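These notes are about the structure you will find just below.
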Amino acid sequence: MNARLVGRRMVALRTLAFEVDPVERFEFKAGQTCDMVIPNPAYTDDRGNTRTFSIASVPGVAPLLFATRLTDSAFKRTLAEAPLGSPLELDGPFGSFTLHHNAVRPAILFAGGIGITPFRSMVADATRRKLPHRITLLFSNASASSAPFLEDLEQWARENSNFRLAPTITAGLPGEPWSFETGRIDAAFVKAHVDDPAAAVFYIAGPAGFVQAMQRVATEIGADPDSIKSEEFPGY
(Lines give C-alpha, C1' and ligand atoms only; values in the text may rest on other atoms or scores of the structure.)
Protein backbone atom coordinates (compact mmCIF):
# COMPACT_ATOMS: atom_id res chain seq x y z
CA MET A 1 0.00 0.00 0.00
CA ASN A 2 1.31 3.45 -0.87
CA ALA A 3 1.79 5.94 1.97
CA ARG A 4 3.51 9.23 2.80
CA LEU A 5 5.76 10.35 5.64
CA VAL A 6 3.77 13.16 7.28
CA GLY A 7 5.34 13.78 10.69
CA ARG A 8 8.49 13.21 12.71
CA ARG A 9 9.62 14.04 16.25
CA MET A 10 12.03 12.88 18.93
CA VAL A 11 10.22 11.12 21.79
CA ALA A 12 13.24 10.07 23.89
CA LEU A 13 17.01 9.96 23.73
CA ARG A 14 17.99 8.73 20.25
CA THR A 15 14.38 7.71 19.66
CA LEU A 16 12.49 8.96 16.63
CA ALA A 17 8.71 8.77 16.28
CA PHE A 18 7.30 9.22 12.81
CA GLU A 19 3.82 9.43 11.36
CA VAL A 20 2.72 7.77 8.15
CA ASP A 21 -0.44 8.45 6.18
CA PRO A 22 -1.62 5.55 3.98
CA VAL A 23 -3.46 6.47 0.82
CA GLU A 24 -6.13 3.86 1.67
CA ARG A 25 -7.68 2.74 4.93
CA PHE A 26 -5.19 0.59 6.86
CA GLU A 27 -6.90 -1.68 9.39
CA PHE A 28 -4.94 -3.43 12.13
CA LYS A 29 -5.24 -4.74 15.69
CA ALA A 30 -3.35 -3.14 18.55
CA GLY A 31 0.00 -4.90 18.88
CA GLN A 32 0.45 -5.86 15.25
CA THR A 33 3.33 -4.99 12.92
CA CYS A 34 3.78 -4.01 9.29
CA ASP A 35 6.63 -3.95 6.81
CA MET A 36 7.79 -0.55 5.60
CA VAL A 37 9.65 0.11 2.38
CA ILE A 38 11.50 3.32 1.47
CA PRO A 39 11.52 3.52 -2.35
CA ASN A 40 14.73 4.97 -3.78
CA PRO A 41 16.34 5.67 -0.37
CA ALA A 42 18.96 8.39 -0.04
CA TYR A 43 21.31 5.94 1.70
CA THR A 44 21.72 2.22 1.05
CA ASP A 45 23.50 -0.72 2.62
CA ASP A 46 23.41 -4.50 2.37
CA ARG A 47 20.39 -4.73 4.70
CA GLY A 48 18.08 -3.33 2.04
CA ASN A 49 15.26 -0.78 2.16
CA THR A 50 12.59 -2.76 4.06
CA ARG A 51 12.07 -2.98 7.82
CA THR A 52 9.39 -4.39 10.12
CA PHE A 53 7.88 -2.02 12.69
CA SER A 54 5.32 -2.44 15.44
CA ILE A 55 2.48 0.03 15.07
CA ALA A 56 2.35 2.38 18.06
CA SER A 57 -0.89 4.18 17.25
CA VAL A 58 -4.51 3.39 18.01
CA PRO A 59 -6.50 1.35 15.47
CA GLY A 60 -8.86 3.56 13.53
CA VAL A 61 -6.98 6.77 14.30
CA ALA A 62 -4.88 8.38 11.56
CA PRO A 63 -2.05 8.83 10.89
CA LEU A 64 -0.15 5.65 11.77
CA LEU A 65 2.54 6.15 14.41
CA PHE A 66 5.84 4.27 14.61
CA ALA A 67 9.01 4.74 16.64
CA THR A 68 12.57 3.50 16.46
CA ARG A 69 15.90 3.88 18.22
CA LEU A 70 18.24 5.75 15.90
CA THR A 71 21.39 4.07 14.61
CA ASP A 72 23.72 4.84 11.73
CA SER A 73 22.00 2.32 9.43
CA ALA A 74 21.18 3.53 5.94
CA PHE A 75 17.45 2.93 6.45
CA LYS A 76 17.23 4.99 9.62
CA ARG A 77 19.42 7.79 8.26
CA THR A 78 17.09 8.03 5.28
CA LEU A 79 14.02 7.97 7.51
CA ALA A 80 15.41 10.69 9.78
CA GLU A 81 16.34 13.02 6.92
CA ALA A 82 13.65 12.40 4.27
CA PRO A 83 11.43 15.42 3.55
CA LEU A 84 7.89 15.22 4.86
CA GLY A 85 5.65 14.03 2.08
CA SER A 86 8.20 11.44 0.94
CA PRO A 87 6.66 8.22 -0.42
CA LEU A 88 6.67 4.99 1.57
CA GLU A 89 5.13 1.57 1.03
CA LEU A 90 3.38 -0.51 3.71
CA ASP A 91 2.63 -4.23 3.76
CA GLY A 92 0.57 -5.89 6.46
CA PRO A 93 -0.61 -5.93 9.13
CA PHE A 94 1.06 -9.01 10.56
CA GLY A 95 1.20 -10.92 13.83
CA SER A 96 -0.88 -12.27 16.69
CA PHE A 97 0.84 -10.26 19.45
CA THR A 98 -2.52 -8.82 20.46
CA LEU A 99 -4.54 -8.57 23.66
CA HIS A 100 -6.32 -11.80 24.60
CA HIS A 101 -10.12 -11.91 24.50
CA ASN A 102 -10.85 -13.33 27.99
CA ALA A 103 -10.86 -10.19 30.16
CA VAL A 104 -11.00 -12.30 33.33
CA ARG A 105 -7.30 -13.03 32.84
CA PRO A 106 -5.00 -10.09 33.68
CA ALA A 107 -2.49 -8.90 31.07
CA ILE A 108 1.09 -8.36 32.26
CA LEU A 109 3.22 -6.40 29.81
CA PHE A 110 7.03 -6.36 29.98
CA ALA A 111 8.54 -3.61 27.80
CA GLY A 112 12.26 -3.08 27.32
CA GLY A 113 13.08 0.29 25.74
CA ILE A 114 11.67 0.62 22.24
CA GLY A 115 9.68 -2.56 22.90
CA ILE A 116 7.06 -0.18 24.26
CA THR A 117 5.63 0.45 20.78
CA PRO A 118 3.11 -2.43 20.56
CA PHE A 119 2.10 -1.82 24.18
CA ARG A 120 1.48 1.87 23.54
CA SER A 121 -1.04 0.77 20.95
CA MET A 122 -2.60 -1.85 23.26
CA VAL A 123 -2.95 0.47 26.25
CA ALA A 124 -4.25 3.37 24.19
CA ASP A 125 -6.78 1.12 22.48
CA ALA A 126 -7.94 -0.44 25.76
CA THR A 127 -8.33 3.01 27.31
CA ARG A 128 -10.14 4.46 24.30
CA ARG A 129 -12.58 1.53 24.05
CA LYS A 130 -12.92 1.17 27.84
CA LEU A 131 -12.00 -2.51 27.73
CA PRO A 132 -12.45 -4.41 31.01
CA HIS A 133 -9.00 -6.03 30.87
CA ARG A 134 -6.75 -5.44 33.88
CA ILE A 135 -3.41 -4.42 32.39
CA THR A 136 -0.10 -3.96 34.22
CA LEU A 137 2.87 -2.54 32.31
CA LEU A 138 6.40 -3.02 33.62
CA PHE A 139 8.56 -0.66 31.56
CA SER A 140 12.37 -0.75 31.76
CA ASN A 141 14.80 1.81 30.34
CA ALA A 142 18.39 2.80 30.99
CA SER A 143 17.46 6.35 31.98
CA ALA A 144 14.50 8.70 32.27
CA SER A 145 15.45 10.48 29.07
CA SER A 146 15.48 7.20 27.14
CA ALA A 147 11.90 6.21 28.09
CA PRO A 148 9.67 6.88 25.06
CA PHE A 149 5.98 7.75 25.44
CA LEU A 150 6.15 7.83 29.25
CA GLU A 151 3.90 10.91 29.48
CA ASP A 152 1.28 9.20 27.31
CA LEU A 153 1.36 6.14 29.56
CA GLU A 154 1.05 8.24 32.70
CA GLN A 155 -1.99 9.99 31.23
CA TRP A 156 -3.69 6.69 30.40
CA ALA A 157 -2.95 5.39 33.89
CA ARG A 158 -4.88 8.37 35.25
CA GLU A 159 -7.78 7.83 32.84
CA ASN A 160 -8.02 4.05 32.99
CA SER A 161 -8.58 2.47 36.40
CA ASN A 162 -7.80 -0.96 34.91
CA PHE A 163 -4.31 0.10 33.82
CA ARG A 164 -1.32 0.14 36.17
CA LEU A 165 2.06 1.53 35.15
CA ALA A 166 5.36 0.51 36.77
CA PRO A 167 8.35 2.18 35.06
CA THR A 168 11.92 1.60 36.18
CA ILE A 169 15.38 2.73 35.08
CA THR A 170 18.56 0.70 35.39
CA ALA A 171 21.22 3.42 35.30
CA GLY A 172 20.03 7.01 35.05
CA LEU A 173 21.96 10.14 34.20
CA PRO A 174 23.48 12.64 36.67
CA GLY A 175 20.93 15.26 37.72
CA GLU A 176 18.13 13.65 35.77
CA PRO A 177 14.80 13.72 37.66
CA TRP A 178 13.01 10.40 38.15
CA SER A 179 10.08 9.74 40.49
CA PHE A 180 9.55 6.04 39.81
CA GLU A 181 11.45 2.89 40.72
CA THR A 182 15.04 2.00 39.87
CA GLY A 183 16.71 -1.30 39.14
CA ARG A 184 16.15 -4.18 36.80
CA ILE A 185 12.90 -6.08 36.46
CA ASP A 186 13.50 -9.27 38.41
CA ALA A 187 11.25 -11.74 40.21
CA ALA A 188 10.94 -9.52 43.28
CA PHE A 189 10.00 -6.49 41.14
CA VAL A 190 7.31 -8.46 39.31
CA LYS A 191 5.88 -10.00 42.48
CA ALA A 192 5.45 -6.50 43.92
CA HIS A 193 3.15 -5.60 41.01
CA VAL A 194 1.54 -8.89 39.96
CA ASP A 195 -0.95 -10.56 42.29
CA ASP A 196 -1.66 -13.88 40.55
CA PRO A 197 0.89 -14.73 37.87
CA ALA A 198 -0.59 -18.17 37.22
CA ALA A 199 -3.83 -16.55 36.06
CA ALA A 200 -2.22 -13.89 33.85
CA VAL A 201 -1.23 -13.70 30.21
CA PHE A 202 2.30 -12.30 29.83
CA TYR A 203 3.48 -10.20 26.89
CA ILE A 204 7.19 -9.40 26.45
CA ALA A 205 8.70 -7.04 23.87
CA GLY A 206 12.17 -5.56 23.54
CA PRO A 207 15.74 -6.50 22.60
CA ALA A 208 16.56 -10.22 22.49
CA GLY A 209 18.44 -10.22 25.80
CA PHE A 210 15.57 -8.49 27.59
CA VAL A 211 13.00 -10.87 26.14
CA GLN A 212 14.97 -13.93 27.17
CA ALA A 213 15.54 -12.58 30.69
CA MET A 214 11.85 -11.74 31.16
CA GLN A 215 10.79 -15.16 29.92
CA ARG A 216 12.92 -16.66 32.70
CA VAL A 217 11.48 -14.25 35.28
CA ALA A 218 7.89 -14.97 34.25
CA THR A 219 8.48 -18.70 34.49
CA GLU A 220 10.24 -18.29 37.85
CA ILE A 221 7.27 -16.51 39.43
CA GLY A 222 4.78 -19.14 38.26
CA ALA A 223 3.50 -18.01 34.86
CA ASP A 224 2.00 -20.67 32.63
CA PRO A 225 4.59 -21.16 29.84
CA ASP A 226 1.74 -21.43 27.34
CA SER A 227 0.57 -17.96 28.43
CA ILE A 228 3.82 -16.14 27.64
CA LYS A 229 3.93 -14.25 24.33
CA SER A 230 7.02 -12.44 23.16
CA GLU A 231 8.45 -10.35 20.34
CA GLU A 232 12.14 -9.61 19.94
CA PHE A 233 13.15 -6.24 18.50
CA PRO A 234 16.31 -6.42 16.36
CA GLY A 235 18.69 -3.49 16.52
CA TYR A 236 18.84 -2.69 12.80
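The values are calculated or read from the model by the stated rules, or taken from the named source; none is laboratory data. Computed from a predicted model, the values in this text were never measured in an experiment. All Cβ positions, even for glycine, are placed from backbone atoms using ideal geometry, and neighbour counts span all protein chains on display.
Structure above, values below:
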{"read-out": "Hey, Asp91 in a loop (DSSP other than H, G, I, E, B) and not aromatic (Phe, Trp, Tyr) or not", "value": "no"}
{"read-out": "Met36 being farther than 30 Å from Thr182 by Cβ, crowded, with 18+ Cβ neighbours inside 10 Å and not basic (Lys, Arg)", "value": "yes"}
{"read-out": "Number of positions in region 9-33 that are under 19 Å from the mean Cα position of the chain (by Cα) and surrounded by fewer than 16 Cβ atoms within 10 Å (Cβ to Cβ)", "value": "4"}
{"read-out": "All positions within region 45-57 that are surrounded by 14 or more Cβ atoms within 10 Å (Cβ to Cβ) and part of a loop (DSSP other than H, G, I, E, B)", "value": "Asn49, Ile55, Ala56, Ser57"}
{"read-out": "Meets criteria (part of a loop (DSSP other than H, G, I, E, B) and either within 19 Å of Ile114 (Cα to Cα) or free of Cβ contacts under 8 Å to residues at least 40 places away in the same chain (or both)) for Gly60", "value": "yes"}
{"read-out": "Candidate set: region 99-117, residues that are under 12 Å from the mean Cα position of the chain (by Cα) and of a type in the set (Val, Ile, Thr); chosen: the one surrounded by the fewest Cβ atoms within 10 Å (Cβ to Cβ)", "value": "Ile114"}
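Let's see how each residue does on (1) under 22 Å from Leu16 (Cβ atoms); (2) among the small types (Gly, Ala, Ser); (3) not assigned by TED's automatic domain parsing to the domain that holds Glu159:
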position: Thr44; (1), (2), (3): yes, no, yes
position: Arg47; (1), (2), (3): yes, no, yes
position: Thr52; (1), (2), (3): yes, no, yes
position: Val61; (1), (2), (3): yes, no, yes
position: Ala80; (1), (2), (3): yes, yes, yes
position: Pro83; (1), (2), (3): yes, no, yes
position: Ile116; (1), (2), (3): yes, no, no
position: Thr127; (1), (2), (3): no, no, no
position: Leu131; (1), (2), (3): no, no, no
